[in-house]
1. For segment 37-88, run through the chymotrypsin sites (Phe, Trp or Tyr not before Pro) and keep only the ones in DSSP coil with at most 12 other Cβ atoms within 10 Å of their Cβ.
2. Suppose every K and R has +1 on its Cβ and every D and E has -1 on its Cβ; what is the size of the dipole of the chain about the Cα centre, in Debye to the nearest 20?
3. In whole Hz and in residue order, list the ³J(HN,Hα) couplings for segment 44-58 that follow from phi through the Karplus curve 6.51 cos²θ - 1.76 cosθ + 1.60, θ = phi - 60°; x for Gly and Pro.
4. So for THR9, THR96, THR65, fewest C-beta neighbours within 10 Å to most, what's the order?
5. Taking only C-alpha pairs under 8 Å that are 6+ residues apart, what is the relative contact order of segment 2-140 in percent?
6. Between beta-carbons, use under 10 Å as the cut-off and find the net charge around TYR67, counting Lys and Arg +1, Asp and Glu -1.
7. Using alpha carbon centroids, what distance separates segment 1-62 and segment 109-141, in Å?
8. What are the GluC sites (Glu not before Pro) within segment 76-133 that DSSP puts in a loop, where the Cβ has at most 13 other Cβ atoms within 10 Å?
Amino acid sequence: MVVHACHCTRCQKRTGSPLAVNLWIEDSRVKLLAGEPTKQGESTDERGNRSSSWGCPSCGYALWTVYHAAPPGSLFVRAGSLDDPSAFQPDVHIFTRSKLPWISVPEDVPSFETYYDFKEIWPPESQQRFRKLKAKGDDAT
């Protein structure tokens, strides 16, 4: 639905890098080629939002994070875990307030000190996919 370049300190610590590039995508669109991911840990951000990280049971590499505040069925897949991570460029840079000073954000890519209103950034097709996920989650409660 969207590709985030997240500069928050939590992503920096989780990835051991200056930022995380995550594809926010429906779990139904993710195809595992082998094995089952294992839970690597849980955390809570400064607003109390919980998340769970999942990774490869063989090598331990991070595959995705599930943010419990996002609609059920959402995954935040690490671009670096894909066969061709270069196929995905960030649509938006978030939490740039903690961006490392030597990282440059392209001028033609939206960036925000914290978060943003997805209705202003996401293309209509992505918004429709998000609404479907949210409706599914609302039906489950």
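1. Answer in residue order: TYR61.
2. Value, rounded to 20: 340 debye.
3. Values per residue, Gly and Pro as x: 10, 7, 5, 9, x, 7, 8, 8, 10, 9, 10, x, 6, x, 7 Hz.
4. By the 10 Å Cβ count, ascending, the order reads THR9, THR96, THR65.
5. Result for segment 2-140 is 26 percent.
6. Around TYR67, the charge tally is 0.
7. Here the two parts' Cα centres lie 18 Å apart.
8. The qualifying sites are GLU107, GLU113.
Readers should treat all values here as calculations from the given coordinates under stated rules, not as data from a laboratory. As the structure is a computational prediction, the values presented were derived from the model and not from experiment. We place every Cβ from the backbone using ideal geometry, glycine too, and count neighbours over all the protein chains shown.
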